[in-house]
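Structure first, commentary second.
The values are calculated or read from the model by the stated rules, or taken from the named source; none is laboratory data. It should be emphasised that the depicted structure is a prediction, and the values quoted were computed from it without experimental measurement. No Cβ is skipped: glycine too gets one built from the backbone with ideal geometry, and neighbour counts run over all protein chains shown. Accessible surface areas use protein heavy atoms only, side chains included; no ligands, DNA or RNA. Shrake-Rupley method; radii C 1.70, N 1.55, O 1.52, S 1.80 Å.
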Amino acid sequence: MGELSELFAPETVAVVGATEREGSVGRAIMDNLVADFDGTVVPVNPNYDEVLGIPCVSDIGAADADLAVVVVPPKIAVEAVRQAGESGVRNVVVITAGFGETGSEGAARERELREVAEQYDLNLVGPNSLGIMSTGVDMNATFGPENAQPGGMSFMSQSGAFITAVLDWANDQDIGFRDVVSLGNKAVLDEADFVREWGDDPETDVVIGYLEGIEEGREFIDAAREVTQDTPIVLVKSGRTDAGAQAASSHTGTIAGSDEAYETGLEQAGVIRAESVQELFDSAQMLGSQPLPEQDDVAIITNAGGPGVMATDAVGDSGLSMASFSDETLDTFSENLPAEGNIYNPVDVVGDAGNDRFRNALEIALDDENVGCAVVLSAPTAVLDYAQLARDTVELSEEFDKPVAACFMGGQRVEPAAEVLKDAGIPNYFDPARAVDSLDALSEYADISAREYDEPTEFDVDREAAHEILSAVKGRGDNRLGVEAMDLLDAYGIPTPHGEIVDSATDAEAIAADIEGDVVMKIVSPDILHKSDIGGVKVGVSDDDVYDAYEDLITRARNYQPDAEIIGVQVQEMVDLDSGVETIVGMNRDPQFGPLLLFGLGGIFVEILEDTTFRVAPVAESEAKEMTEEIDSAPLLRGARGRDPADVPAVVETIQRLSQLVTDFPAILELDINPLVATPDGVQAVDVRLTVDPDQL
Ligand code: ADP
Ligand code: MG
């Protein structure tokens, strides 16, 4: 049992602010608790002797409760929580609204609440919460209209309204829950805490949630990674589009992170992300009831040609593949199916199939070791007993221990069959695509639970030198650094070509003379971010031209912006671009997930090509390697069209070293190495640009 087990299984619940006043939240919570709760309910209110016939105590200290539900007005709510803490209550649900979601006064109140919670080490849900439920003790400590039915899903939601809507619907569908939490403003307990708790709870089969934002992205990833080794997590996150994100931030005072960070972060966490509420429950039901497939090859058995094609299309759109049957299976099908049927996948048993033929076909398919899971897809006919087909499906799926999704199409005719399927935990859908998608989620989870996470490599780096280089922004009006911070990369072991910054044409000549062959010259100015855009990069300058090139670069910078601060000109060794690929490695700090690493095809067209991939740092070697494999241009790195392959391990190492740098220095807000030229002999960081927050150094 986890640390929050008492929160979900208290013996005595005190309702602070309990009242009989019709239509009030305090009354609704009392009604809900009194109706079902296995334990004792104690109303706390100095103004009453009793509430709903239960003797009322005037202060929480007299309640001897292990959970306090606080519904008093905002002005006295923090004090009520303090008294609860003082009297030894460790678990508190703050229903009261008027905190961080309402403006600066509320935000200050929320800070106070957090301090009190810290002082007394409280497990505090909310504020601005609908409450919590736990079917283990039949506790409905919410002001919603309905209690949950018992089941194996534990459900957290950032929207209380969503909980009431879901419960109304779920009760109709006989979908049950273990614990339900309305997260509210998440002043203390957040999604990571509940994920951890439910991961430790043997009665929770699946964790599901609706989130608008994630508080501590990295903490959530670490918690979820552990939990998803044996308990699946499925989440819908709203605020996917920009318009949605704005709505989310004004909703619960959450600053929603960019969708990229979420997409990546949730994927790294091993969370299955649902696109809709329907998908959330489809996946969760499948995950809660069916065994995991050993492979992702699906067999479709149907008596209806058209829907069979629909299901096949859905498999094409999913991560699953159509199973190809063994020769033996094909022979057996030929012997058992009429000539007008189809023995290849999707298997068509033909519309006149009775129960025996259907059952036979399913048995033959499940018996094939090339089949990981199956969809039983049927339309009602006069010769088919749906309930019997359901019983056969249940029997065979259990016999072969392979997951099966049912798609018994129809309305009233399906009902007796649906009952049989539901009792056996086989999800049944009208739409073939939903059946396929939920099997897809199951197979995704099979991969997730088999994942092994390795630790990020710790490279030997010069942290102090890096700190000093970053501190250069302190005295400056500007917090951006360019190639003048190239040494930062050296300090973290990222290879850079030889180069120096000079402030006179004659110094430029001297440096160029020391460098073998032609050089590259670049304007160095915090006011010129994209040097090429103003002609501020000269590639392949011969020694004779260095003087003029210097003068020209300065003139261009002056013409572009007369008052630009010009640090000088960088004279840099040439990197062989012909044998290399220009890549980009970068980082952007997300408000919730922290450092978001980017890798992609680089150079001056990076924004146009947008061939990039992301990971939340710090990354392990395996993750850095994945990044180099998953961009569309990955074949370029592997050596396309007779070119020698680039040194990909050096790219992988650079990603990891950058990951370490941005993890070590939260002061780095964003950073681009573009290009990082990857050649067959290694990598060279040719250009760097970053933004630093001096206050965090
Ligand atoms: P910016 O991104 O500000 O325009 P860069 O330093 O990235 O400036 O240079 C722009 C382009 O010039 C690079 O993408 C690369 O193609 C080329 N380039 C820059 N430095 C070198 C170098 N040392 N050797 C070869 N090519 C270079
Ligand atoms: Mg560049």
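Numerical summary
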| quantity | calculated |
| --- | --- |
| Which numbered condition A304 misses (of (1) modelled with pLDDT of 95 or more; (2) under 26 Å from A441 (Cβ atoms)) | (1) |
| Qualifying positions in the stretch 646-697 - part of a loop (DSSP other than H, G, I, E, B), closer than 18 Å to D462 by Cβ and either within 13 Å of ligand 1 (Cβ to nearest atom) or out of contact with any helix residue (DSSP H, G or I) (no Cβ under 6 Å at 6 or more places or on another chain) (or both) | F665 |
| Residues of the stretch 79-103 classified as over 16 Å from V41 (Cα atoms) and under 33 Å from the mean Cα position of the chain (by Cα), total | 12 |
| E458 assigned to a loop (DSSP other than H, G, I, E, B), away from ligand 2 (no atom under 16 Å from the Cβ) and without any contact (Cβ under 8 Å) to a residue 60 or more places away in the chain | no |
| Residues being of a type outside the set (A, V, I, L, M, F, W, C), in contact (Cβ under 8 Å) with a residue 12 or more places away in the chain and in a helix (DSSP H, G or I) - total across the stretch 491-511 | 2 |
| Looking only at the stretch 655-682, and only at residues there that are open to solvent by less than 10 Å² (accessible area, probe 1.4 Å) and within 16 Å of Q572 (Cβ to Cβ), the one that is modelled with the lowest pLDDT | I673 |
| Unique residue being small (G, A, S), modelled with pLDDT of 95 or more and surrounded by fewer than 17 Cβ atoms within 10 Å (Cβ to Cβ) when the list is S397, S324, S318 | S324 |
| Hey, D352 of a type in the set (D, E) and in a loop (DSSP other than H, G, I, E, B) or not | yes |
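Per-residue answers, yes or no, for (1) at pLDDT 95 or above; (2) more than 20 Å from I673 (Cβ to Cβ); (3) more than 16 Å from ligand 2 (Cβ to nearest atom):
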residue: I534; (1), (2), (3): no, yes, no
residue: Q570; (1), (2), (3): yes, no, no
residue: R589; (1), (2), (3): no, no, yes
residue: G594; (1), (2), (3): no, no, yes
residue: E607; (1), (2), (3): no, no, no
residue: E629; (1), (2), (3): yes, no, yes
residue: G642; (1), (2), (3): no, yes, yes
